[in-house]
Every structure is written in C-alpha cells, then in structure tokens.
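Below is one structure, written out as structure tokens, with a few remarks after it.
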Amino acid sequence: MEIWPAIDLRHGKPVRLRQGDYDRQTVFGDDPVEFALRWKELGARRLHLVDLDAARGDDPTANRDAVARIIRETGLPCQMGGGVRDDQAIDALMAIGVSRLVVGSAALKKPDWFADACDRFPGRLAAGIDARDGMVATDGWLETSSTPAIDLAKDLRGRTANIAAIIYTDIARDGMMQGPNFDGLVAMAEATDIPLVASGGVTTLDDVSRLTELGMPAAIVGRALYDGAIELPDVLRLAKDD
C-alpha cells in the first residue's frame, strides 16, 4: 500500500483542520518545506499536498511558491488538491511540477470537463470524492450536495477510463484521530475498478494494518504524524511501502 504523508497549506504555512472546519485550525510551523524534507528523510516516497486557500475559493496562488519549493527541494512526486477547477489551474500546477492533481468540486459540477481533462492527461488527474454522511461535499467542504459519493464514482468511470485514482475522504473522520470509515471505503472500493486512496482518520498502526489487509492501494496519513500518534517509518513498514 502506498503511503502519502499529507501537507495541508494555508497562507503558505503547514496546517491541519478538524473535519474541514477553517475555524478549527492548527498551525504546525512557518515552513512546510521542513515537514516535506522530514517525511522524505523518514522514508516517504511521495507527498500529498492540499491548497486550503484555493479549495475555499480564496487566492489560488497563495501557496504556489511553497508547493514549488517542496517539489524542488524534495524531488519527490507530489499529488495536490484544492481549487483545481479549470484548465488554467491544471496548466499552472503542472508547470510547477505537480505530478498528479486531485479534482474535487469540479468533478461533480463539471463531469464532462473533468472526463475530457483526464483523457488529455491520462493518469495525472484523480477524483477527490469527499463525503459527508455518504453525500459528496464541495467547495472546500463548505457545501454538501444531494449526490451519493458512490454514484459520482460510477458516473465518472462511465465517462473516462483515464482517471488516475479516487481519493476518498470521510469528512467526519478527517483530523479527528478516530480511525477511518472502513465500511465506506470498502463500499467505494467495490463500486468501481478505479484505484482507491483512503483518506481521513488514519490514526493508529492498527488502522494501517487493516487498510493493508483490505487491499487498499494507497492511504493518506496526516494529523497522526504531526501529533506523533504514529511514526512514519512504522507506517511504511506495515504498509510494505519500501
């Protein structure tokens, strides 16, 4: 199972939110590159980046310098989500070296555009499906749609064969240190043949072991690493990501 240590960015700084709430933010330092280099030193082979400013419709360029520095100074493949809603964002982020982009709100609201973009950039665009009570949440998790998450996954698969992955997040678990929604992950994994990345709530080594046993292709690990609840080398060992 691939492990993607997460770095969430707001105003150029590394932060974490609880359940996507911008008013429940923890700032972990001034320079996200320090964390990127730390995760690399501990064995990370890839990084997951989130632009929280762009995700909520704020300045889409606020974190690009930080992202470019992370890519340049680590040399690691970086996957990035947050505010990827048009061709301009795709072009700008690929130009600074982002390896894979995660499209969330626009995959629901503009599915034809998303499918076309996947076909133009095979294997480089992933669908970020964030669920609140099983329904797709959009716009930096500020809005909840009437579309079931599984229905969106099936619809997108029907439109294109070139989606790189689904990053599936249960918002209720994100940043709460309560473990993933395993039932939801299994249901999503069974819904399509798109590779699934488990996101939200990975807290203990038992969580990592269970995800591995379930055959999850990949998992994003965030707050638990920052809080020291688990250590990255142990996570990588359990996941056999070496």
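So which helices (runs of 4 or more DSSP H) stay within region 1-112 end to end and still have 3 or more residues that are under 17 Å from the mean Cα position of the chain (by Cα) and modelled with pLDDT under 95?
In region 1-112, the matching helices (runs of 4 or more DSSP H) lie at 52-55, 105-109.
Residues checked against (1) touching a helix residue (DSSP H, G or I) at 6+ places or on another chain (Cβ under 7 Å); (2) within 17 Å of LEU93 (Cβ to Cβ):
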residue	(1), (2)
MET1	yes, no
TRP4	no, yes
GLN19	no, no
ASP23	no, no
ASP31	no, no
LEU42	yes, no
GLY57	no, yes
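For THR144, only one of the following conditions fails: (1) surrounded by 16 or more Cβ atoms within 10 Å (Cβ to Cβ); (2) touching a residue at least 40 places away in the same chain (Cβ under 8 Å); (3) in contact with a strand residue (DSSP E or B) (Cβ under 9 Å, 6 or more places away or on another chain). What is its number?
(2)
Taking MET1 as the residue in question, decide whether it is crowded, with 17+ Cβ neighbours inside 10 Å, closer than 27 Å to ASN181 by Cβ and in contact with a Ser or Thr (Cβ under 7 Å, 6 or more places away or on another chain).
yes
On the basis of being open to solvent by 40 Å² or more (accessible area, probe 1.4 Å) and touching a residue at least 24 places away in the same chain (Cβ under 8 Å), does ASP65 make the cut?
When the stated conditions are applied, ASP65 passes them.
Tally the residues that are acidic (Asp, Glu) and either touching a Gly at 6+ places or on another chain (Cβ under 7 Å) or open to solvent by less than 30 Å² (accessible area, probe 1.4 Å) (or both), restricting the search to region 37-62.
2
Check region 151-172 and report whether any residue there is open to solvent by 20 Å² or more (accessible area, probe 1.4 Å) and at pLDDT below 85.
Checked against the condition, which is being open to solvent by 20 Å² or more (accessible area, probe 1.4 Å) and at pLDDT below 85, region 151-172 yields at least one hit.
Tell me the residue from LEU108, LEU76 that is among the aliphatic types (A, V, I, L, M), touching a Lys or Arg at 6+ places or on another chain (Cβ under 7 Å) and closer than 21 Å to VAL197 by Cα, please.
LEU76 is the lone residue from the list that is among the aliphatic types (A, V, I, L, M), touching a Lys or Arg at 6+ places or on another chain (Cβ under 7 Å) and closer than 21 Å to VAL197 by Cα.
Just wondering, is there one or more residues in region 221-241 that are out of contact with any helix residue (DSSP H, G or I) (no Cβ under 6 Å at 6 or more places or on another chain), closer than 19 Å to ALA165 by Cα and free of Cβ contacts under 8 Å to residues at least 12 places away in the same chain?
Within region 221-241, not a single residue is out of contact with any helix residue (DSSP H, G or I) (no Cβ under 6 Å at 6 or more places or on another chain), closer than 19 Å to ALA165 by Cα and free of Cβ contacts under 8 Å to residues at least 12 places away in the same chain.
Report yes if some residue within region 25-36 is free of Cβ contacts under 8 Å to residues at least 40 places away in the same chain, open to solvent by 60 Å² or more (accessible area, probe 1.4 Å) and more than 18 Å from VAL221 (Cα to Cα); otherwise report no.
Yes, region 25-36 has at least one match.
Specify the residue that is modelled with the lowest pLDDT; the eligible residues are those in region 176-197 that are open to solvent by less than 50 Å² (accessible area, probe 1.4 Å) and over 16 Å from ALA153 (Cα atoms).
Selected residue: MET176.
The values are calculated or read from the model by the stated rules, or taken from the named source; none is laboratory data. This structure is a prediction, so every number in the text was calculated from the model and none was measured. In this analysis, Cβ positions are derived from the backbone assuming ideal geometry, glycine residues included, and neighbour counts consider all displayed protein chains. Each accessible area value is taken on the protein alone, full model and side chains, heavy atoms only, with ligands, DNA and RNA left out. Shrake-Rupley method; radii C 1.70, N 1.55, O 1.52, S 1.80 Å.
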